[in-house]
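Single-structure report; data block below.
The values are calculated or read from the model by the stated rules, or taken from the named source; none is laboratory data. Everything quoted here is computed from the prediction, not taken from an experiment. Virtual Cβ from ideal backbone geometry, glycine too; neighbours counted across all protein chains shown.
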Amino acid sequence: MTISFPSKGAWIILFFACASCSDDPELVAKRELQRTEIARLQGEVALAEERLRNMPEDKGEDLKAAEKQLNELASEANKLEAKIAELQQRKTDLEARIAQYKVKYPLN
């Protein structure tokens with residue numbers, strides 16, 4: 001079993017690769033700021049999600065159904081009012097005819 005070592009060129013590449021591995025203090029500070037910002041934003045997102053879960057149910061569909069029912073009831077009320085007016089007019093006409101009949105044919 002033979003152990004082979006990297007060539008001289010491979011050692012130079014390895015040296016420069018390791019030398020570039022050291023972190024630039026400016027980049028480290030920037031990375032830490034980014035991590036802090038990410039943590040803050042994750043907290044805000046979690047808070048917003050919790051608020052959404054705790055919000056009351058959307059009553060939009062119930063409101064639409066109630067408005068539809070209100071419109072139907074208003075329409076029905078208008079029809080009934082028209083029927084009442086018609087019946088009142090008919091009553092007035094019949095009372096007038098009865099009065100004319102009584103004048104024409106007295107009962108006593």
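Being surrounded by 10 or more Cβ atoms within 10 Å (Cβ to Cβ) and not hydroxyl-bearing (Ser, Thr, Tyr) is the filter; apply it to the range 99-108 and report the residue that is farthest from the chain's Cα centre (by Cα). Going through the qualifying residues, I end up with 102.
The single residue among 65, 10, 29, 74 that is assigned to a helix (DSSP H, G or I) and either exposed (fewer than 10 other Cβ atoms within 10 Å of the Cβ) or at pLDDT 95 or above (or both) turns out to be 74.
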